[in-house]
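The next block holds one structure in the form of structure tokens; read it before the comments.
The values are calculated or read from the model by the stated rules, or taken from the named source; none is laboratory data. Just so we're clear, the structure is a prediction, and the values are computed from it rather than from any experiment. Positions of Cβ are backbone-derived with ideal geometry, glycine not excepted, and every protein chain shown enters the neighbour counts.
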């Protein structure tokens, strides 16, 4: 007989004060599902306990190996806020690794996007062949699987996609405790969307349950990252509390969670800010190449909530501090007019003496026709030849451009990648209802292994905090980072849509007037018409007719 | 329970009460629908059309409050107002100035949004001709026992309704779509409400049975918006839907308000335009149609543990034919 699945649920909230006075909160909810239905001969799974049934059915129906979907409002400002725990581009991003037994990957991809659009109330059904690419090197699996054949990978972004309460509602319903207990009670849409950055994501991957990998499990991570701006949400004061951020305090942990913790990053305490209530529980973690110290509040213990049965943190700022991230990037469109333009991507390496390679992936829609012969990569005003280039040209109305390059960044330098493009003229039915807004180009993705200042731990520990265990660490001296650039908004030559109506009216008028006149000229005959004579003359003519005498004129 | 308790009393109480019981039982079986659906569409894009989204969301809110679940509501919003960058209070859509009522709420599920709200998608939802990969939440899975509420709002004219400033649906197309729905047995009764300028022109061409229609203005008249909010900077709602929302806030699931009350909503003194309605294609008398037959999801189920003896075989047949009458009503 089968042993029941041992599901496990952990929830965690990390609060990181940012040097500019803003505050970054990152929620992670992780469900481990002890089953492996991708194995041959495994019976169909029908019992779901903590893992949501809608996602479980999606995984088994479409033979999904890994699924990552994120919805983001706002742009992550790396220069002011540092690196996020889980990066994401503006709009919606979906990338999926399918199992190697799938025969029709494109068909599965199309159906999967439709099903996900129903689950998350988003227009993911707009993902089709014209905006899907198969990156060859950039999106390697984050979970188990020695998948190296990129034919089973699909990646698409929808930079225009809006995130609002209608996307948060089904996301919250996937959690075991819903939004009724635990950390999810803090998720009130009126506060979450009144922020500088809001990103919610779902990541599903298979992982090993132990060091020797004797048993596998499915891991579902639901993450929500939000940055509150001290000007808009903070009323200008550099002082934060849970109540001020979320308009709620915590009253209990989720009863189904095996661990429920709140971490506050106090590495810059006491110079930068002060924290209350103080706690003796401290934890150190090496995350994003830096050793940080955290105050830990365990919500499964009753004393965290104190006398009032409610837990509220308070952080007050004291000074300012500069933060320089090692890697960040920007992108913009140069040029003028509606015919040509140039895309510039600028990547900064702020490490004082180490050079490292980065993998740049660009996916440009077909209506911006790239001229790859104008591609230049310059660092410190010298040509920098990439060591690996994978380019797939676009096919009109069929697939987008895909450009992947491995570029070595010299230390303490700025690297600029430029490529010229020409704007295409779309067919008049292909324009959106608001074409004067412009057309979006998805963010570029820069993936890199950045040298770490502190040695990272490659040991496998079951009770690592969730925020440090998202990306598997393969070597000690570097950590994996993914930086997204801004999306671009490009104006295409837009026709005047009232012109067909104007043309028809004008043409018909001209034809009517011209043809009418011509026809009249040819076929009209003139007859002289006598005016009727006065009464006396008519009477006289009548009498003359009777008499038989010629009539008067 | 009340009705069957009355029938139970018949055994011991003289025949005089039986007429009352029979009318109550007749009313119980009169409607003939078993489930409710709602299709709520806002067809306007751009920030200055905030009021159309607020209109649709207020009907959505009333319909959810009276019992129709999200799985039976197809909500189509052509633009996002709540999380629009121009909205000074994100994740909210207000229906009343001074920001009294947030009709967007915390538990909203929008099925079609943004560019997906097109004439083609709307007609496909109504007729059920959707691609096989369409998820359930985007389908109108009604059957011949469903009462459907269809609400449209946006900018319209004499005989057409504008979708997203780039295409139109004409009243003939809408009438044909309803006829397709009738022939495919996709509805039992249908209530059509439209809040646009010259809205009455949209229901002029209907020809399928069991349709009742309401519009906010007659042909040649404009429907007006209600009041602007100075903090948000746009008009928040249209007059007709504002008074409709006020009326619906008084309705609760057990309410006995009927369609004649709905026809009286927003007379010309309040609305400036003259609301119109059309009931000639509808079988039942509007006075006997409850508001909750369309706006709510009142289940006609009573559970009892006792056996009920109906008085005589003749009376029982009358109840059953009363129930079957609507099924043979073709």
Report whether or not residue A:76 is assigned to a loop (DSSP other than H, G, I, E, B), touching a residue at least 12 places away in the same chain (Cβ under 8 Å) and either in the same structural domain as residue A:446 (by the TED database) or touching a strand residue (DSSP E or B) at 6+ places or on another chain (Cβ under 8 Å) (or both). yes
Being crowded, with 21+ Cβ neighbours inside 10 Å, over 25 Å from residue B:216 (Cα atoms) and modelled with pLDDT under 95: is that true of residue B:90 here? yes
Looking only at the range A:97-123, how many residues end up being within 14 Å of chain B (Cβ to nearest Cβ) and in a helix (DSSP H, G or I)? 15
Among the residues listed as A:415, A:376, the single one being over 17 Å from residue A:491 (Cβ atoms) and within 27 Å of the chain's Cα centre (by Cα): A:415
Residues of the range A:152-203 being in a loop (DSSP other than H, G, I, E, B), more than 9 Å from every other protein chain (Cβ to nearest Cβ) and over 27 Å from residue A:128 (Cα atoms), which ones? A:175, A:176, A:177, A:178, A:180, A:181, A:187, A:196
Among the candidates B:174, B:130, residue that is more than 28 Å from residue B:246 (Cα to Cα), free of Cβ contacts under 8 Å to residues at least 40 places away in the same chain and within 14 Å of chain A (Cβ to nearest Cβ): B:130
Is it the case, given these coordinates, that residue A:299 is touching a helix residue (DSSP H, G or I) at 6+ places or on another chain (Cβ under 9 Å) and either closer than 30 Å to residue A:10 by Cα or surrounded by 15 or more Cβ atoms within 10 Å (Cβ to Cβ) (or both)? yes
Taking the options A:223, A:232, name whichever one is more than 14 Å from chain B (Cβ to nearest Cβ) and under 30 Å from residue A:317 (Cβ atoms). A:223
Any pair with Cβ under 9 angstrom, 6 or more apart, that starts in the range A:124-137 at a residue that is within 12 Å of chain B (Cβ to nearest Cβ) and ends at one that is in a loop (DSSP other than H, G, I, E, B) and crowded, with 21+ Cβ neighbours inside 10 Å: A:124/A:161; A:126/A:161
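Conditions tested, residue by residue: (1) more than 10 Å from chain A (Cβ to nearest Cβ); (2) in contact with a helix residue (DSSP H, G or I) (Cβ under 8 Å, 6 or more places away or on another chain).
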position: B:48; (1), (2): yes, no
position: B:53; (1), (2): yes, no
position: B:62; (1), (2): yes, yes
position: B:72; (1), (2): yes, no
position: B:90; (1), (2): no, yes
Taking the range B:293-315 on its own, how many of its residues are modelled with pLDDT of 80 or more and within 31 Å of the chain's Cα centre (by Cα)? 5
Going by what's in this entry, would residue B:138 be described as at the interface with another protein chain (Cβ under 7 Å from one of its Cβ atoms) and either buried (at least 19 other Cβ atoms within 10 Å of the Cβ) or out of contact with any strand residue (DSSP E or B) (no Cβ under 7 Å at 6 or more places or on another chain) (or both)? yes
Over the range A:357-389, the set of residues surrounded by 18 or more Cβ atoms within 10 Å (Cβ to Cβ) and in a strand (DSSP E or B) is A:358, A:359, A:360, A:361, A:362, A:363, A:364, A:368, A:370, A:377, A:379
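One line per residue, one yes/no per condition, for (1) touching a residue at least 40 places away in the same chain (Cβ under 8 Å); (2) surrounded by 20 or more Cβ atoms within 10 Å (Cβ to Cβ); (3) out of contact with any helix residue (DSSP H, G or I) (no Cβ under 7 Å at 6 or more places or on another chain); (4) over 23 Å from residue B:158 (Cα atoms):
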position	(1), (2), (3), (4)
B:217	yes, yes, no, no
B:222	yes, no, yes, no
B:238	yes, yes, no, no
B:241	yes, yes, no, no
B:248	yes, yes, no, yes
B:255	no, no, no, yes
B:259	yes, yes, no, yes
Cβ-Cβ distance below 9 Å, separation of 6 or more or different chains: which pairs start in the range A:426-443 with a residue that is exposed (fewer than 15 other Cβ atoms within 10 Å of the Cβ) and end on one that is assigned to a strand (DSSP E or B)? A:437/A:489
Within the range A:248-281, how many residues turn out to be modelled with pLDDT of 85 or more, over 19 Å from residue A:10 (Cα atoms) and not in a loop (DSSP other than H, G, I, E, B)? 1
The residue that is nearest to the other protein chains (Cβ to nearest Cβ), considering only those in the range B:113-125 that are within 17 Å of residue B:38 (Cα to Cα) and free of Cβ contacts under 8 Å to residues at least 40 places away in the same chain, is B:113
Criterion: farther than 15 Å from residue B:38 by Cβ and within 12 Å of chain A (Cβ to nearest Cβ) - qualifying residue of B:99, B:76: B:99
